[in-house]
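These notes are about the structure you will find just below.
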Amino acid sequence: MRLFTATLATETNTFSPLPTSLQNYKESVFFRPGEHPADAPRMCTAPLFVARKRAEEEGFELVEGSCFAASPAGTTNRADYETMRDEILDQLKAALPLDGVLLGLHGAMVAHGYDDVEGDIIERVRAIVGPKCVIGVELDPHCHLTLKRLSGADIIVLYKEFPHTDVVDRAEDVLDLVLATLRGEIKPVMSVYDCRQIQSYPTTLQPMRGLVDRIKAMEGKDGILSVSIAHCFPYGDVPELGTRVLVIADGDKKTADALATTLGEELVSLRGKTRPAALDVAAGIAEGMAFNDLPVVIADAADNAGGGAPSDNTDILRHLIETGIEDACLGPIWDPIAVRLCFDAGLGARISLRFGGKIAPSSGQPVDAEVEILGLQRDAWQSFGPTQVSVGDCAAIRVRGVDAVLIANRTQATGLELFTNLGIDPTRKKIVVVKSTNHFMAAYGPIAKKVIYVESSGPLRRDPCKVPYIKVQRPIWPLDDDAPPRGLIF
Ligand SMILES: [Zn+2]
């Protein structure tokens, strides 16, 4: 058996003020065949990581293609997308004949001229490998589960957890299902139910925690091979945006249809019930200060780089400084120029620094302050479950009682290393502010005595009715009151 694997991924916020070019991929994940590190998967590369480990014992030959992934931001440059895509497709042609293909994609990538990048990739891969080759795809649940990609792939598996702590487990699932299909042990058939709704579904909280545990228990029984919930990515304005349920059954379409319908109807009944409440900045910090244990972790979800935001909004930092709060830390603020200035000044220096508040009106105003440079580190990283995320060069500065982390590679807060790299111990701070929607919970949930979600003036509006959609198919809840589920669409 010969299998081919490659990755081309980003999460595109079509409203983001930050365009995405080849340079952003080079700064994030950019590996030519054979160059992928052996220590851990990177963003969306778990299929390669898993297949490389298992090739020998499972008796297949793995042909590695390129892996390209960029941190979430705006729409990808068209020529750069086509260059990366065509490089992978040329590798695929050179690898023929193939029995299987494993694609590590994200599922919410948009390039200029391509609203459905993953559909485009899968369709072209199918045209090259032919109808018999088994195509398995791993996607992020914050994806657009379009008909084009369902038509082109044999097996699609999404991460179940948000925060995405199961990227390796789900890549194992994709490989298991592809190999079982090739060995003639199963005949996967997919069904998809369209709930026609836009919503956020953190799985660290009820009712989603219970739902995910139940769907995990269903797999491997009664002919059910895999169950995935496509949460949707609310900041990608594309026609097929919305929550969908995907069920893969063994040879029996009716079984897949029935379960997709049952679970889809359950998700429709959860409209408005899966997202945690958020406070405004002043109320959120006041509630944190009033709590009599530490640390209190405050999430600035509206400025989450993981959703394509710049991560340089200054609302919460300003409030902490202006109200004289001591014993707080905050990060990450993406400001490569300020990082450069801190390195130039040196460890321990006290300087006047302007930082944050630069990219767009939704960033707020920059902070001008006397700062002490507490820590400096070149080319640093933070963990995210089993994967590593680069934060680039970073600096810790003290602004009155607040320790802020400035980073050069834009990313959200996922690991404690964001602070500990620079000598800040978040477990000993009263208030820990993280720019992240929910991925921070994997590392910060266990240390937090309390978690508070705050809505700053960052660009990721929590209420979909405040997002200026143009392309999304209507009606859809909550943009339209009368938006019944579309039901089975595949
Ligand atoms: Zn995601």
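Odds and ends about this structure:
- A Cβ distance below 6 Å, combined with a sequence gap of six or more or placement on separate chains, defines the contacts here; from the stretch 222-234, residues that are in a loop (DSSP other than H, G, I, E, B) reach residues that are acidic (Asp, Glu) and away from the ligand (no atom under 16 Å from the Cβ) in the pairs GLY223/ASP250; GLY223/ASP252.
- Residue match in the stretch 390-402 (condition: buried (at least 23 other Cβ atoms within 10 Å of the Cβ), in contact with a Pro (Cβ under 7 Å, 6 or more places away or on another chain) and not charged (D, E, K, R)): yes
- Residue ID - farthest from ALA413 (Cα to Cα), chosen from residues in the stretch 364-376 that are crowded, with 18+ Cβ neighbours inside 10 Å and free of Cβ contacts under 8 Å to residues at least 60 places away in the same chain: ALA369
- Residue match in the stretch 246-255 (condition: free of Cβ contacts under 8 Å to residues at least 40 places away in the same chain, in a helix (DSSP H, G or I) and either of a type in the set (A, V, I, L, M) or under 27 Å from GLY308 (Cβ atoms) (or both)): no
- Considering the stretch 8-38, and only residues there that are among the polar types (S, T, N, Q) and within 17 Å of the chain's Cα centre (by Cα), the residue that is farthest from ILE122 (Cα to Cα) turns out to be SER16.
- Filtered residues of the stretch 231-253 (kept if out of contact with any Lys or Arg (no Cβ under 8 Å at 6 or more places or on another chain) and more than 15 Å from the ligand (Cβ to nearest atom)): GLU240, VAL245, LEU246, VAL247, ILE248, ALA249, ASP252, LYS253
- A Cβ distance below 6 Å, combined with a sequence gap of six or more or placement on separate chains, defines the contacts here; from the stretch 21-48, residues that are closer than 16 Å to ILE88 by Cβ reach residues that are basic (Lys, Arg) in the pairs VAL29/ARG42.
- Per the listing ALA217, ALA260, ALA256, the residue uniquely over 23 Å from the mean Cα position of the chain (by Cα), more than 16 Å from the ligand (Cβ to nearest atom) and surrounded by fewer than 24 Cβ atoms within 10 Å (Cβ to Cβ) is ALA217.
- Just one of the numbered conditions (1) more than 19 Å from LEU205 (Cβ to Cβ); (2) surrounded by 19 or more Cβ atoms within 10 Å (Cβ to Cβ); (3) of a type outside the set (Lys, Arg) is not true of THR243: (1).
- Within the stretch 421-445, residues that are more than 14 Å from ALA301 (Cα to Cα) and among the small types (Gly, Ala, Ser) sit with their Cβ atoms under 7 Å from residues that are at pLDDT below 95 and in a loop (DSSP other than H, G, I, E, B), at 6+ positions apart or across chains, in these pairs: ALA442/PRO163; ALA442/THR165; ALA442/GLY385; GLY445/THR204.
The values are calculated or read from the model by the stated rules, or taken from the named source; none is laboratory data. Please read these numbers as outputs of a predicted model, since none were measured by experiment. We place every Cβ from the backbone using ideal geometry, glycine too, and count neighbours over all the protein chains shown.
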